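Worksheet: one structure, shown below.
The values are calculated or read from the model by the stated rules, or taken from the named source; none is laboratory data. Please read these numbers as outputs of a predicted model, since none were measured by experiment. Cβ atoms come from the backbone with ideal geometry, glycine included; neighbour counts cover every protein chain shown.
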Amino acid sequence: MMYYYCERCNRAIKKPYPSKKYCSVGCRENSRQLRVEEQEIQFWNSIKPLVVTADEQQVLDQMDPAPRAGLVIERMAPSGAVGYRVGCRRIGSEAYTVHWFPTARQRPPSLFKLNPVELPLEIPCPAEYVVVYFDASGRPFATPCFKLFLRGRVISVNWSDGDRRLLIGRSSA
Ligand SMILES: [Zn+2]
């Protein structure tokens, strides 16, 4: 008789259910969860903090944190960008899950505007955020995409209220 071994717990599977890969629904689910977490870690680690020149840093150091972040975000914006979103991990959590702001409830259509730049103030906590730009049709730009430390905090905005999905509009359902 042919045996398979569960890819999650290594137990022999005599009767393949629900698949030949896992011995149980539980193992299949745990394994899916692990893959999701790996993707999240990969995503977070793939994005580098923004690097500025020493001259730029001198100017930036003299500014207050919020206008400074606004200036950096405005300067980095690719041509054609109309807005941006910022995403962060839950502070104090081991998980790499990123939640995105603003949400549609905060600011339809889920974008902080550029031209003139809306400061990224309505965020849940001071933390390192990923910044992603969007064009007029609501599509994200692949680059530039960078991490930036933002110091805003609005009591009524909770990390858990943020969107699990970066994409906005119809596709974010
Ligand atoms: Zn198993």
Seminar exercise, completed: From the option list Arg28, Arg32, single residue qualifying as closer than 21 Å to Leu166 by Cβ, surrounded by 11 or more Cβ atoms within 10 Å (Cβ to Cβ) and within 16 Å of the ligand (Cβ to nearest atom) is Arg32
For this session: Name the one entry in Val117, Val130, Val86, Val72 that is touching a helix residue (DSSP H, G or I) at 6+ places or on another chain (Cβ under 9 Å) and in a loop (DSSP other than H, G, I, E, B).
Result: Val117
For this session: All but one of (1) surrounded by 18 or more Cβ atoms within 10 Å (Cβ to Cβ); (2) among the charged types (D, E, K, R); (3) more than 24 Å from Trp159 (Cβ to Cβ) hold for Arg139, so report the exception by its number.
Result: (1)
For this session: Residue by residue through segment 130-143, note down the ones that are within 13 Å of Met76 (Cβ to Cβ) and either at pLDDT 95 or above or among the acidic types (Asp, Glu) (or both).
Result: Val130, Val131, Val132, Tyr133, Phe141
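In segment 12-25, which residues are surrounded by 14 or more Cβ atoms within 10 Å (Cβ to Cβ) and either basic (Lys, Arg) or in a helix (DSSP H, G or I) (or both)?
Passing the criteria: only Lys21.
Could you look through segment 37-78, keep only residues that are of a type in the set (Gly, Ala, Ser) and within 24 Å of Ala104 (Cα to Cα), and pick out the one that is surrounded by the fewest Cβ atoms within 10 Å (Cβ to Cβ)? Full working, then the answer.
Here is the first cut: in segment 37-78, the ones of a type in the set (Gly, Ala, Ser) are 46, 54, 66, 69-70, 77.
Going one step further and asking which of them are within 24 Å of Ala104 (Cα to Cα), we end up with 66, 69-70, 77.
Values: Ala66: 14, Ala69: 24, Gly70: 20, Ala77: 19.
Of everything passing the filter in segment 37-78, Ala66 is surrounded by the fewest Cβ atoms within 10 Å (Cβ to Cβ).
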Exercise. Across segment 86-116, what is the number of residues that are of a type in the set (A, V, I, L, M) and modelled with pLDDT under 95?
Worked result: 3
Exercise. Within segment 131-156, can you find the residues that are closer than 17 Å to Gly92 by Cα and of a type in the set (A, V, I, L, M)?
Worked result: Leu150
